[in-house]
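Participant: Provided herewith is a single structure, encoded as structure tokens, for subsequent inquiry.
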Amino acid sequence: MESSTKMLKEIHENPQVVAATLASERPRVQELVNELKKRRIDLIIIAARGTSYHAAIYGKYLFEYLLGIPVSFTAPSMYTLYNRPVKVDNALVIGISQSGSSQDIVEVVKEATAAGAFSVAITANPDSALSQAATATILCHAGREEAVAATKTYIAQLTALALFAVLWAERADLLETLQAIPEWIAKSLALDGRVQEILPRYRYMRGCALIGRGFNYCTALEAALKLKETCYLEAQGYSAADFLHGPIAMVDEGFPVFLIAQPGLALDSVKHVNERLRAIKAETIVLSSDPELLATAVIPIEMPGWSEDVFSPLVYTPPLQLFAARLSTLKGLNPDAPRGLNKVTVTR
């Protein structure tokens, strides 16, 4: 199944985007880290919305796992609706926005900077209001993204956050591993043929759940958003732990559930959910390189044998982006221009 959509083209640019962001931003991020080490940072506050919020969730896992610094998500409404800015003493404030134009995110960073906090913008636009409001900027080198649904810009945000956390943690081993990510993303994009093979089965799917845990919680949320945006499905992303606290009750026989199961510390948790789903006779679509789990799947999607849990969202997200883009086209929709959406969403 061929497709000339802009979204599909941009998904296949992910390896180059990661390589460009790593190469271009490493000196800038190192300078930023050097400055942060002179300060007492005991809290990280992140402001983001939409796809950028899912990147922020990945950032939370990165900073807490690698640095042991707690991460909080601020409510921009405190700044723009209620005029109640939060205290930012000894905090690093990060604003994440692809365009850098979301007024509420800009306001959070602007107020934090004025209050004396060190602030960082993660954006694709160096001239944006967000970048101007921040103390420092990390740029996402994704080039122009024409499709409304964010794909390569999301991967660029994950890359920027990973580079930031790894340099701050002084993890030379992980920095070396991070340099290999473009090659592994290319391997995951090679699953496009497998995606097209299973696609007709889901042409008339009306809803599904996507399950991840730990670092790939953000992958489940972002993949669900892509299916909502491009295919108009009732798709919901969950943590494997949260899923068992209620949402599993909506699953009955044949209900599609995607399991994002990177081998690592979170794998047993996903396997436990899989056992519960098998008892219900749900339709499990499993993305993993774990042979045992793949053998139990209704639809197995064998992932490349990537072993580093910390960066797994960069490898596991692209096939799900492909699934959303391909399914949208199969359904006769236009994934490049979803109804009711604009490329830049401005909220206050």
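The values are calculated or read from the model by the stated rules, or taken from the named source; none is laboratory data. These numbers were taken from a predicted model, which means no experiment stands behind them. Reconstructed Cβ throughout: ideal geometry from the backbone, glycine too, with neighbour counts over all protein chains shown.
Participant: Read through the list (1) under 21 Å from residue 88 (Cβ atoms); (2) more than 20 Å from the chain's Cα centre (by Cα); (3) surrounded by 15 or more Cβ atoms within 10 Å (Cβ to Cβ), then give the number of the only condition that residue 68 fails.
Facilitator: (3)
Participant: Another question, then. Looking only at the stretch 323-348, filter to residues that are polar (S, T, N, Q) and in a loop (DSSP other than H, G, I, E, B); which one of those is modelled with the highest pLDDT?
Facilitator: By that ranking, first place goes to 334.
Participant: A further question on this structure: Residues of the stretch 209-234 being hydroxyl-bearing (Ser, Thr, Tyr) and either touching a Pro at 6+ places or on another chain (Cβ under 8 Å) or closer than 14 Å to residue 331 by Cβ (or both), which ones?
Facilitator: Matches in the stretch 209-234: 219, 230, 232.
Participant: Out of everything in the stretch 229-238 that is surrounded by fewer than 24 Cβ atoms within 10 Å (Cβ to Cβ) and within 15 Å of the chain's Cα centre (by Cα), what residue ends up being nearest to residue 323 (Cα to Cα)?
Facilitator: Checking each candidate, the answer is 236.
Participant: Then there is this: Could you please give the count of residues in the stretch 240-266 that are out of contact with any Ser or Thr (no Cβ under 7 Å at 6 or more places or on another chain), modelled with pLDDT of 95 or more and within 19 Å of residue 57 (Cα to Cα)?
Facilitator: 0
Participant: Among (1) more than 29 Å from residue 37 (Cα to Cα); (2) crowded, with 16+ Cβ neighbours inside 10 Å; (3) out of contact with any Cys (no Cβ under 9 Å at 6 or more places or on another chain), where does residue 203 come up short?
Facilitator: Among (1) more than 29 Å from residue 37 (Cα to Cα); (2) crowded, with 16+ Cβ neighbours inside 10 Å; (3) out of contact with any Cys (no Cβ under 9 Å at 6 or more places or on another chain), residue 203 violates only (2).
Participant: Still on this structure, I have one more. Give the residue, chosen from 193, 207, that is closer than 16 Å to residue 301 by Cβ and not assigned by TED's automatic domain parsing to the domain that holds residue 67.
Facilitator: Every option except 193 fails the conditions.
Participant: Would you tally the residues in the stretch 30-53 being out of contact with any strand residue (DSSP E or B) (no Cβ under 6 Å at 6 or more places or on another chain) and assigned to a helix (DSSP H, G or I)?
Facilitator: The number of residues fulfilling the criteria is 8.
Participant: Would you tally the residues in the stretch 271-322 being over 24 Å from the mean Cα position of the chain (by Cα) and assigned to a helix (DSSP H, G or I)?
Facilitator: Final tally of qualifying residues: 10.
Participant: Something else about it: Give me the pairs, please: first residue somewhere in the stretch 308-326 and in the same structural domain as residue 55 (by TED's automatic domain parsing), second residue anywhere and of a type in the set (D, E, K, R) and at pLDDT below 95, beta-carbon distance under 6 Å, and either six or more positions apart or on two chains.
Facilitator: Close Cβ pairs satisfying both conditions: none exist.
Participant: Further question: Go through the stretch 202-215 and give me each residue that's within 20 Å of residue 325 (Cβ to Cβ) and either outside any strand (DSSP E or B) or of a type in the set (Ser, Thr, Tyr) (or both).
Facilitator: Once the filter is applied, which keeps residues that are within 20 Å of residue 325 (Cβ to Cβ) and either outside any strand (DSSP E or B) or of a type in the set (Ser, Thr, Tyr) (or both), the stretch 202-215 yields 202, 203, 204, 205, 206.
Participant: Also, I was wondering about something else. Starting from the stretch 24-51, keep only residues that are among the polar types (S, T, N, Q), then list their pairs with residues that are in a loop (DSSP other than H, G, I, E, B) whose Cβ atoms are within a distance under 7 Å, requiring at least 6 positions of separation or different chains.
Facilitator: 24/141; 51/150
Participant: Only residues that are of a type in the set (S, T, N, Q) and at pLDDT below 95: list them for the stretch 19-71, please.
Facilitator: none
Participant: If you check 119, 101, which single one turns out to be modelled with pLDDT of 95 or more, more than 30 Å from residue 183 (Cα to Cα) and among the hydroxyl-bearing types (Ser, Thr, Tyr)?
Facilitator: The match here is 119.
Participant: Going by the conditions given, is residue 282 closer than 24 Å to residue 56 by Cα and touching a residue at least 12 places away in the same chain (Cβ under 8 Å)?
Facilitator: Here the answer is no, as residue 282 does not meet what is asked.
Participant: Checking the condition of a type outside the set (Gly, Ala, Ser) and touching a Phe, Trp or Tyr at 6+ places or on another chain (Cβ under 6 Å), which residue from 146, 35, 111 passes?
Facilitator: Exactly one of 146, 35, 111 is of a type outside the set (Gly, Ala, Ser) and touching a Phe, Trp or Tyr at 6+ places or on another chain (Cβ under 6 Å), namely 111.
Participant: Yes or no: residue 224 hydrophobic (A, V, I, L, M, F, W, C), within 22 Å of residue 9 (Cα to Cα), in a helix (DSSP H, G or I) and touching a Gly at 6+ places or on another chain (Cβ under 7 Å)?
Facilitator: yes
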